[in-house]
Amino acid sequence: MQNFQDKKVVITGGTTGIGLATAKELVAMGAKVIVTGRHRDSVIAAAKETGATGIVSDQSKLADIDGLVGEAGKHLGKVDVLFINAGIAAFAPISAITEEHYDSIMDINFKGAVFTLQKFLPILNDGASVVFLSSINAYNAMENTTAYAASKAALNTLTKIAAIELAPRGIRVNAVCPGPVNTPLWGKVGMPEEQLQQVAALIQTKVPLKKFASPEEIAKTVIFLASADSSNTTGAEFVVDGGFNLHTMIG
Ligand SMILES: NC(=O)c1ccc[n+]([C@@H]2O[C@H](COP(=O)([O-])OP(=O)(O)OC[C@H]3O[C@@H](n4cnc5c(N)ncnc54)[C@H](OP(=O)(O)O)[C@@H]3O)[C@@H](O)[C@H]2O)c1
């Protein structure tokens, strides 16, 4: 087991799903963790459940990111692990994309990620690890996902550029690209429950391992990238998808 004793960790979007699972595991390993979210009640509940410190902060708002960096500096001092995980998914065909749909996704998933990294730079320790939560949608032409998939493809490009720019400080930057994960995200994409169940069943037939990942399975990869066990890994994209991205041609 990696040692995170007294390591300082910030996780954006840590109130449910993958962020929450990662926070729980890292607190159990001895880390001092901050989790964020947009809603006070869920931030308080996540802090209680994990033993992390909860801070209300909206990743799409630059003033909130400034506030988060200020609070993180006060609570943690310098930061060893920055897990930029907060994200939303919503789907629409190109003919129906609105400015609001486009902006809401890009502002949280990409613009917020860029400025979270930028604003944390002064309080990141040299040798820190940055992990972005991307998606296999970055690689795939799934219909109705223009804004979501583009936001994740952009994150993967950011990962590589940041890895080069931050290498002189020994800061490693990597992305985790999950396939389907069993988290509350699916309940928020705007599909009626019946359609959601049909989509979930269809996805499971197409994933070679025949299942959605658990948030804990994704957290394990995030923690590997956050730890010294991945000390020579930077600018990498880790696909954790049960084989979904393999595109078998027959069968
Ligand atoms: N679940 C999947 O199948 C899957 C697959 C591939 C990639 N991902 C990616 O994994 C990441 C985590 O998603 P999840 O599946 O764990 O979903 P989730 O359970 O919905 O968690 C998302 C977290 O992000 C927070 N959040 C959303 N918008 C935010 C904002 N503007 N500022 C701060 N926090 C915000 C949410 O809290 P509030 O809403 O209360 O703010 C929540 O804590 C996302 O980037 C998602 O795109 C998920």
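Tabulated results
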read-out	value
0 to 90° range, to nearest 10: angle between helix 40-50 axis and the chain longest Cα axis	70 degrees
HN-Hα J in Hz across the range 93-102 - Karplus 6.51, -1.76, 1.60, θ = phi - 60°, x for Gly and Pro	x, 3, 5, 10, 5, 9, 4, 5, 4, 4
Per-residue HN-Hα couplings for the range 22-35 [Karplus 6.51, -1.76, 1.60; θ = phi - 60°; Hz; x = Gly/Pro]	5, 4, 4, 5, 5, 4, 4, 8, x, 6, 9, 10, 10, 10
Kirkwood hydrodynamic radius of the range 164-241, from inverse mean 1/r over distinct Cα pairs, in Å	14.5 Å
Separation of the residue 141 and residue 44 label points, Cα + 7 Å toward Cβ, nm	5.0 nm
Acute angle (nearest 10 degrees) that the helix 146-166 long axis makes with the longest principal axis of the chain, alpha-carbon atoms	30 degrees
Most mobile listed residue (113, 138, 63) in the chain, GNM with C-alpha springs under 10 Å	63
Vicinal HN-Hα couplings computed from phi for the range 54-59 (Karplus, 6.51 cos²θ - 1.76 cosθ + 1.60; Hz; Gly/Pro x)	x, 10, 6, 7, 9, 5
For residue 53, residues with placed amide H under 5 Å, excluding near neighbours	33, 34, 35
Expected 222 nm ellipticity per residue - DSSP helices of 4 or more, -39500 (n - 2.57), all of the chain, to 500	-13000 deg cm²/dmol
Helix 193-206 vs. the chain, principal-axis angle (Cα, 0 to 90°, nearest 10)	90 degrees
Cut-off 12 Å between beta-carbons: net charge of the residues surrounding residue 223, Lys and Arg +1, Asp and Glu -1	-1
For residue 240, distant residues with modelled amide H under 5 Å away	177, 179
Ellipsoid semi-axes in whole angstrom, largest first, where each is sqrt(5λ) of the Cα gyration tensor of the range 8-246	27, 19, 18
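Read-outs throughout are calculated quantities, based only on the coordinates presented, and are distinct from any laboratory measurement. Since the model is a prediction, treat every value here as computed from it, not as a measurement. Cβ coordinates were reconstructed from backbone atoms using ideal geometry, including for glycine residues, and neighbour counts include every protein chain displayed.
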